[in-house]
Amino acid sequence: MVTCPWCGTNYTSFQPNCDNCGGSLPLPPEMGPSASSATLATPPPPPRDVPRQAVWHILSSDGWAISGLVFSLLGLVFVVVGIPLTVSVVAAFVGLPFGGLGLVFLCGGIAVLVWRYQTANRTVELLREGEATLGEIVSVTQNYQVRVNGRYPWTVEYDYEVDGHLYGGKVTSLSSPDLSQQPGSPVYVLYGPDDPDQSTLYPSPYGYYGL
């Protein structure tokens, strides 16, 4: 029996979040931190063999990147339709706002795509060259306010220590977190040797096997 600590709803089997309130559910004893630490996969020393196409795999499961692509495509359609309407004197009053809105969507979508591409590149670099340290999962939540391709994004927040300084990080993905990645569970964190504030989890939470 698993009981939600937020609203008291009981479940006969474990699931990451409560269906009633969305809160994170605690691991049952047989799946707790002590059990998960025994099977925790240790990252190999850098440099690790991470293929370049991992960037695209990360982007394909990134809610922001997918939203940016959708807005870019919508903006392109609006612009393509709006320009001919603007040229036509009769329909110019429709084409101008249509094309203007398209430009806003297109520019905004491209900006988001560039941002997420740079973030994905940093993540791949951390998976390849990052130094490993043990951290702890702080929270695992699912955002029910945003829905991308029928799925709600997950956010895993974690803490880790480097040279006596405590850092925090988070990863967001459309892929469901591993059952071992629950609040209080140990986890390996890969951080930037030159910038410990930059980090990601190992194994990769983006569903790319082997990372």
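Give a quick list of chymotrypsin sites (Phe, Trp or Tyr not before Pro) in region 110-150 that DSSP marks as loop, anything other than H, G, I, E or B, with at most 13 other Cβ atoms within 10 Å. The partial results should precede the final answer.
On the way: sites: 115, 117, 144; in loops: 144.
When the chymotrypsin sites (Phe, Trp or Tyr not before Pro) of region 110-150 are filtered for loop state and at most 13 Cβ neighbours within 10 Å, 144 remain.
Going by how many other Cβ atoms sit within 10 Å of their own, how do 52, 116, 122 line up, fewest first? Display every interim value, and only then the final one.
Numbers: 52 9, 116 20, 122 17.
Arranged by neighbour count, lowest to highest, 52, 116, 122 become 52, 122, 116.
Dividing the Cα convex hull volume of region 93-193 by residue count, how many Å³ per residue is that?
On the way: hull volume 13.8 nm³, N = 101.
Convex hull volume per residue, Cα atoms: 137 Å³.
Using Cβ counts within 10 Å as a stand-in for footprinting exposure, how do 57, 165 rank, fewest first?
Placing the least packed residue first, the sequence is 165, 57.
Projecting each Cα onto the charge dipole of region 118-211 (Lys/Arg +1, Asp/Glu -1 at the beta carbon, about the Cα centre), which of 150, 190, 135 comes out farthest on the positive side?
150
Only the coordinates and a few stated rules stand behind these numbers; no lab work does. Remember, predicted model here, so these are calculated numbers, not experimental data. Note that we place each Cβ from the backbone using ideal geometry, even for glycine, and neighbour counts take in every protein chain shown.
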